[in-house]
C-alpha cells in the first residue's frame, strides 16, 4: 500500500476497511467536473491544481469526520446508502421486518 493505492475496500478478520492513496485522491479531485472551470478563451476545461496532496488529503479527512447535529458523518451517509443499495439488489444475509413470515 502506498500513495498511489487505488480505492480498495475489503473485509478481513471481521473488519471492513477502505483505503486510498493520497495521490489518487488528488488525481480524482482534479478530474471532478464540479471543480473544473471552463476557459472560454482556450475552449478548454481547466482542472484545479493540488499543491500539496498530503495537506489536501488531511483536509478531506477532517471533512469526513465532521458530525452533523445527529452525530452522523459523510461516511455514515455513504454506508447507509450502500446498505440500501445492497438490499435493493437482493443482498443476502439480512431479513427485513416486512419480510418475516409468521
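The values are calculated or read from the model by the stated rules, or taken from the named source; none is laboratory data. No experiment lies behind these values; they were computed from the predicted model shown. Here the Cβ is made from the backbone with ideal geometry for all residues, glycine too, and neighbour counts use every protein chain on show.
Put simply, of 20, 25, 50 the only residue that is surrounded by 12 or more Cβ atoms within 10 Å (Cβ to Cβ), within 24 Å of residue 3 (Cα to Cα), within 16 Å of the chain's Cα centre (by Cα) and in contact (Cβ under 8 Å) with a residue 24 or more places away in the chain is 25.
Can you pull out the residues in the range 33-47 that are assigned to a loop (DSSP other than H, G, I, E, B) and surrounded by 11 or more Cβ atoms within 10 Å (Cβ to Cβ)? Break it down stepwise before answering.
Filtering the range 33-47 for residues assigned to a loop (DSSP other than H, G, I, E, B) gives 36, 40-43, 47.
If the condition is that a residue be assigned to a loop (DSSP other than H, G, I, E, B) and surrounded by 11 or more Cβ atoms within 10 Å (Cβ to Cβ), then 36, 47 are the ones that fit.
Listed here are the residues, each with its yes/no results for (1) out of contact with any helix residue (DSSP H, G or I) (no Cβ under 9 Å at 6 or more places or on another chain); (2) modelled with pLDDT under 95.
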| residue | (1), (2) |
| --- | --- |
| 55 | yes, no |
| 61 | yes, no |
| 64 | no, no |
| 71 | yes, no |
| 74 | no, no |
| 79 | yes, no |
| 89 | yes, no |
| 97 | yes, yes |
| 100 | yes, yes |
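The condition (being assigned to a helix (DSSP H, G or I), closer than 27 Å to residue 10 by Cβ and not assigned by TED's automatic domain parsing to the domain that holds residue 20) is satisfied by just one residue among 83, 91, 57: 83.
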